[in-house]
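The values are calculated or read from the model by the stated rules, or taken from the named source; none is laboratory data. From a predicted model like this one, the values you see are computed outputs, not experimental measurements. In this analysis, Cβ positions are derived from the backbone assuming ideal geometry, glycine residues included, and neighbour counts consider all displayed protein chains. When the accessible area is computed, the model is the full protein with side chains, heavy atoms only, and any ligands, DNA or RNA have been set aside. Shrake-Rupley method; radii C 1.70, N 1.55, O 1.52, S 1.80 Å.
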Amino acid sequence: MHILPVMKDILNDKNLIIVSNRLPVTVSKENGELVYTSSSGGLAVAMSSLGISNEKMTWVGWPGIASDELSKSERLQITTKLSAMGCLPVFLSSAQIDKFYSGYANDTIWPLFHYFQSYTQHNADYWLSYKNVNELFRDEIEKLSDQNSLIWIHDYHLMLLPKMLRTIMPNSTIGFFLHIPFPSYEVFRQLPNGDQLLNGLLGADLVGFHIYDYVRHFLSSVMRSVGHDSKYGVLHLSGRMVKADAFPIGIDYDRFASAKKNKVTKKYQKELSKHYKDQKIILSVDRLDYSKGIIKRLEAFEQLLESNKKYHKKITMIVLAVPSRSDVDTYKELRKTIELAVSRINGLYSTVNWTPINYQYRNTPFNELVALYKLADVALVTPLRDGMNLVAKEYVAANSSDTGVLVLSEMAGAIDELHEAIKVNPNDVDSIGQAIIAALSMPKKEQKKRLKIMNARISEYTVQKWGNDFIEQLVEVKALQIHKGKSLIDDNITNDFREDFKRSKKRLLLLDYDGTLVRLQSDYESAKVKPSKQLSGLLTKLTNRKGTDVFVISGRPHKILNKWLGKIGTINLVAEHGAWVKILGKWTKSPISIDSHKKIIIPILEKITARTPGADIEVKTMSVVWHYRKVPTELAYIRKMSLLRELNETIDHSKLSIHQGSKIIEVKPREINKGKIIKKIIDENDYDFIMCIGDDYTDEDMFSVLPQHANTVRVGHEPTTAKYWVKDVDGVLKLLNRLIIPKKPNVIDAIKPTVKKGIKKAAKTGKKLIK
């Protein structure tokens, strides 16, 4: 199997490591002998469709048999056999399978993420086993990985794994894809260990979901649970960029579209057509799971038969239930309920030569499945909740040039792509019944038109495109991280700054305050933002340095800045972004005034603050600020947009401007900004060393006006025009300290000159003795 040209270009010299709970090969024992069977699971099919050779890809996962059942030699035999297939097994005991797989993965995460809260089991032993198994996977991957490895982790069984790998391999390239829905925050927050799962996922460079709704829920949970905000799906975490995006998985389109020409498929189709002669076929294909809505589907069909006798003997519903988790009590009970419903309906309506429901609990061979897709007049795909649902896409592809109607649940991820399907609410039995009737009576011309549009769409974004797209974006995110890392201030860059600082005669330091010299607080009025003794001492040393002008430039009111910093050496202060300036101990105020505008602006802010718990108004001399740091995320967004709209309408064509900062909206004169006051300062002086450090949008105004030789530094990983960046306030303080205090030498480096001197002296002495 050759590597697809696009994938080959993406991988280049990298090795792809696919990680999932199960391997694409299942190992079992028959009569004491090991048997290897290829998996028919969705992920296995998806990965095999990418066409990546074993030399380029290794798959890590559980081989499907408990380690308790294997001897040491059998485990070695399995490892050797699977290695030849490009697989690395992670062996799990029966207890781990029970508590990790059946327990936390499928009795906790699965039901909750599918909104079946009543089925969710919260068990401390399940959680402990989940962590332990994720650690087992981590240990196996560590043995396998190198700096050229690209690790792609799949699904809800391994949500802790990305962070575990990031901890031991900080520079690795890690992607994660969730194949099930990600629930809303109100549902997700019910997980006792939810924060750990989120932090686990944030260890990845790229986190993928099927549709944007899941991305939105994920980012909302990250914000509200662990406090990381995002912009355009990008999070910046301690100097590392993490991206969340939607990648709607496709199918191997050509395989389904061309299978109808296969001789085996045609044979099945002929036999089925003969068996169901003169019948309209309604097809239901699903893994047997409570999330698939099979019971509701049967209820709708029963209701249709009860109220529409004209369809008796003319329609048949084929129900294919693929076995799943048959050892789990919930699934055993579900199977029993479904089979009882089928028996009841058939018992009520069957005749000598007609059975309304043909129920089959089995795996169906591919060619037979395609023949059924071709035969079906209606495909009934009505999950109560589904990450994507590929059955819907398979049915459309199999009927690429024929007729047929897809009835699709609005709760399936696939609905975002298959708009031409008849959309139903899967909980509404009446709606499903009406959709079946509408599908059965739809003109063939309309059927073909809808199928043609849907086929055009899904033939474009195939599973191959999905895989290439995800890996391409993962590599792109990593490249951006590396590029950004080159401008991260390290010891070498700091040493260069220090040498320039020492050589220069006229120096200028421009320092923002909140978020730069002190950490941002949740409450803007908090007394905790006062400078510490260490910071005051550092600023004193800098201001006392001959030929050095130090400016602290803040949005804070001038009285507060003067109280906190006014007595520090010869420090210069700029308050309210330039409205107030203190140079050589004297404050001057800008002649610009917004007092007349405040009478209009403040009532608007007061009105919206009154109905927004957690919001505050700060009135400064030259600006008015609305703070919403403590407002819940969703409410903050709604109120922010409403306020921006009203403010824009109010101050339109005035000399005021509206600025959005870190959880604030500020209204101030257009003529007042940090850039303008800094431009004036540098124009009046001839500085041969300039360093400017800031952390938000107001500091970008400074960066933009500084000369080319200036050293501009942004605090945090956000996009910036600054040349360099540091991770946090500690990085700023370390940098400023190093400008005036050299790095302590390494002990070995310190004694090297003495050792060299001693060696030379000993050599001279030796020469004299020889003579």
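Restricting attention to the stretch 454-467, the residues being in a helix (DSSP H, G or I) and open to solvent by 50 Å² or more (accessible area, probe 1.4 Å) number 3. In the set (1) within 41 Å of the chain's Cα centre (by Cα); (2) surrounded by 14 or more Cβ atoms within 10 Å (Cβ to Cβ); (3) under 18 Å from residue 627 (Cα atoms), the condition left unmet by residue 598 is number (1). Scanning the stretch 274-289 for residues that are more than 15 Å from residue 364 (Cα to Cα) and open to solvent by 50 Å² or more (accessible area, probe 1.4 Å) returns 274, 275, 277, 278, 280. Among the residues of the stretch 458-489, those identified as within 16 Å of the chain's Cα centre (by Cα) and of a type in the set (S, T, N, Q) are 473, 481.
The residues of the stretch 678-707 that are at pLDDT below 90 and either among the aliphatic types (A, V, I, L, M) or open to solvent by less than 10 Å² (accessible area, probe 1.4 Å) (or both) amount to a single one, 698. Of all residues in the stretch 525-576, which are touching a residue at least 24 places away in the same chain (Cβ under 8 Å), part of a loop (DSSP other than H, G, I, E, B) and within 29 Å of residue 686 (Cβ to Cβ)? Of everything in the stretch 525-576, those that are touching a residue at least 24 places away in the same chain (Cβ under 8 Å), part of a loop (DSSP other than H, G, I, E, B) and within 29 Å of residue 686 (Cβ to Cβ) turn out to be 545, 547, 554, 555, 568, 569, 570, 571. The numbered conditions (1) in contact with a strand residue (DSSP E or B) (Cβ under 9 Å, 6 or more places away or on another chain); (2) crowded, with 21+ Cβ neighbours inside 10 Å are all true for residue 362 except (2). From the list 80, 120, the one residue that fits, being polar (S, T, N, Q), closer than 25 Å to residue 413 by Cβ and either without any contact (Cβ under 8 Å) to a residue 24 or more places away in the chain or buried (at least 17 other Cβ atoms within 10 Å of the Cβ) (or both), is 120.
If I ask for residues that are among the hydroxyl-bearing types (Ser, Thr, Tyr) and either within 39 Å of the chain's Cα centre (by Cα) or open to solvent by less than 30 Å² (accessible area, probe 1.4 Å) (or both), which ones from the stretch 429-448 would you list?
431
For the stretch 647-665, enumerate the residues that are surrounded by 15 or more Cβ atoms within 10 Å (Cβ to Cβ) and either modelled with pLDDT of 90 or more or part of a helix (DSSP H, G or I) (or both). Those that are surrounded by 15 or more Cβ atoms within 10 Å (Cβ to Cβ) and either modelled with pLDDT of 90 or more or part of a helix (DSSP H, G or I) (or both): 647, 650, 651, 665. Filtered by the rule that a residue be part of a helix (DSSP H, G or I) and open to solvent by less than 10 Å² (accessible area, probe 1.4 Å), the stretch 103-117 gives 103, 104, 105, 106, 108, 109, 111, 112, 113. Quick one: in the stretch 577-595, of everything that is among the charged types (D, E, K, R) and touching a strand residue (DSSP E or B) at 6+ places or on another chain (Cβ under 8 Å), which residue is surrounded by the fewest Cβ atoms within 10 Å (Cβ to Cβ)? Among them, the one singled out is 589. In the stretch 321-347, the residues that are more than 23 Å from residue 107 (Cα to Cα) and basic (Lys, Arg) reach residues that are open to solvent by 20 Å² or more (accessible area, probe 1.4 Å) and assigned to a helix (DSSP H, G or I) with C-beta atoms within less than 9 angstrom, at least six apart or across chains, in these pairs: 344/302.
For the stretch 684-718, which positions are of a type in the set (A, V, I, L, M, F, W, C) and either over 25 Å from residue 659 (Cα atoms) or assigned to a strand (DSSP E or B) (or both)? Answer for the stretch 684-718, where residues must be of a type in the set (A, V, I, L, M, F, W, C) and either over 25 Å from residue 659 (Cα atoms) or assigned to a strand (DSSP E or B) (or both): 689, 690, 691, 692, 693, 710, 713, 715.
Within the stretch 622-669, being polar (S, T, N, Q) and touching a Ser or Thr at 6+ places or on another chain (Cβ under 9 Å) holds for one residue alone: 633. In the stretch 432-457, the residues that are free of Cβ contacts under 8 Å to residues at least 40 places away in the same chain form Cβ pairs under 6 Å with partners that are open to solvent by less than 50 Å² (accessible area, probe 1.4 Å) and not aliphatic (A, V, I, L, M), at six or more places apart or across chains, as follows: 453/420.
Among the conditions (1) part of a loop (DSSP other than H, G, I, E, B); (2) open to solvent by 10 Å² or more (accessible area, probe 1.4 Å); (3) not hydrophobic (A, V, I, L, M, F, W, C), the only one that residue 426 does not satisfy is (2). Scanning the stretch 725-734 for residues that are surrounded by fewer than 20 Cβ atoms within 10 Å (Cβ to Cβ) and in contact with a strand residue (DSSP E or B) (Cβ under 7 Å, 6 or more places away or on another chain), we see that the one that is nearest to residue 541 (Cα to Cα) is 729. Looking only at the stretch 123-167, residues that are under 28 Å from residue 247 (Cα atoms), aliphatic (A, V, I, L, M), surrounded by fewer than 21 Cβ atoms within 10 Å (Cβ to Cβ) and in contact with a helix residue (DSSP H, G or I) (Cβ under 9 Å, 6 or more places away or on another chain) come to 1 in all. Entry remark, the stretch 519-556: residues being under 41 Å from the mean Cα position of the chain (by Cα) and either closer than 21 Å to residue 585 by Cβ or modelled with pLDDT of 95 or more (or both) number 11 in total. Would it be correct to say that residue 193 is open to solvent by 10 Å² or more (accessible area, probe 1.4 Å) and under 22 Å from residue 14 (Cβ atoms)? Considered against the rule, which asks whether it is open to solvent by 10 Å² or more (accessible area, probe 1.4 Å) and under 22 Å from residue 14 (Cβ atoms), residue 193 comes out as no.
Of the strands (runs of 3 or more DSSP E) lying entirely inside the stretch 276-372, those containing at least 1 residues that are modelled with pLDDT of 95 or more and under 36 Å from the mean Cα position of the chain (by Cα) span 280-287, 315-322. Every condition in (1) open to solvent by 50 Å² or more (accessible area, probe 1.4 Å); (2) modelled with pLDDT under 90 holds for residue 559 except the one numbered (2). Scanning the stretch 612-641 for residues that are open to solvent by less than 30 Å² (accessible area, probe 1.4 Å), farther than 19 Å from residue 229 by Cα and either part of a strand (DSSP E or B) or among the hydroxyl-bearing types (Ser, Thr, Tyr) (or both) turns up 612, 618, 623, 624, 625.
Flag set for residue 738, criterion: basic (Lys, Arg) and at pLDDT 90 or above.
Tell me, which strands (runs of 3 or more DSSP E) lie completely within the stretch 154-269 with 1 or more residues that are of a type in the set (Ser, Thr, Tyr)?
173-177
Give the residue, chosen from 501, 470, 497, that is surrounded by 14 or more Cβ atoms within 10 Å (Cβ to Cβ), in contact (Cβ under 8 Å) with a residue 12 or more places away in the chain, within 22 Å of residue 241 (Cβ to Cβ) and not polar (S, T, N, Q).
470
Among the candidates 408, 451, the residue that is open to solvent by less than 10 Å² (accessible area, probe 1.4 Å), modelled with pLDDT of 95 or more and under 14 Å from residue 293 (Cβ atoms) is uniquely 408.
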